[in-house]
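Down below is the structure, laid out as structure tokens.
Read-outs throughout are calculated quantities, based only on the coordinates presented, and are distinct from any laboratory measurement. Because the structure is predicted, anything quoted here is derived from the model rather than measured. Every residue, glycine as well, gets a Cβ built from its backbone with ideal geometry; the counts of neighbours run over all protein chains shown.
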Amino acid sequence: MNTRRSITLLAGIAVAPLALSGCVWKSDYDALQTQNQQLQSQNQQLQQQVAADQAQLTRLQGAIKYTVNSDQLFAPGSWQMSQQGKRIIAQFASKLAPTLQNKLVVTGYTDNAPIGAALKQQGVTSNVVLSQKRADAVMQFLISQGVKPELITARGMGEANPVASNATAAGRAKNRRVELSLGGPAG
């Protein structure tokens, strides 16, 4: 009986490495699990970004409108596009320019805050002028990104058509925007 136990024990010891050879090292498993969690997190962030982008696209009667907050496109008190603004509009243009057949209207809006002294020294006398300069800057950048000049126009509306109350900072921020609207076929 003692010999039988020894043989069984030896057989168990001989088989154990074979059984364990199919296992993964815990450190490898942990690394893969961490990588999986990071990928899931990135996927969730991308889904949220897509949802936010889709929320910005509004289907209108016969047109599509894409709205971008001016604070993302321009420095305060400026109509020169920021690097972030150029990236945002370049992404839009890369999808739009190759297939654009309809008219594109770039409309600039501001809040109701009075024009400051620095802007007045640069010839900007009203919010309408500032919003026109911003719309023109976006239009020119879109053209530089491949949008056909004959299919695009720009207009400044100043503080007209607010989408929120100008009584709060958050409302004023929403009112400072640029809308890119696709209309009917170019004629």
*Under 20 Å from residue 120, Cα to Cα: lysines that are on another chain or at least 8 residues apart*: 133
*How do 139, 81 line up, fewest other C-beta atoms within 10 Å first?*
81, 139
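Test of understanding: ordering 130, 182, 32 by Cβ neighbours within 10 Å, fewest first, what list do you get? Could the numbers behind the result be given before it?
Values: 130 26, 182 18, 32 11.
Result, fewest neighbours first: 32, 182, 130.
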*Return, for the Cα atoms of segment 61-187, the radius of gyration and Dmax in Å, separated by a comma.*
14.3, 43
_For 109, 29, 66, which order do you get if you count the other beta carbons within 10 Å of each Cβ and list the fewest first?_
29, 66, 109
*asked:* On a straight-distance basis, which lysines could pair with residue 103 in a cross-link, Cα separation under 19 angstrom, same-chain partners fewer than 8 positions away excluded?
replied: 65, 95, 148
*Rounded, prolate or oblate: which one fits segment 116-187, using the alpha carbon gyration tensor with axes a ≥ b ≥ c (rounded when a/c is under 1.5, else prolate when a/b beats b/c, else oblate)?*
oblate
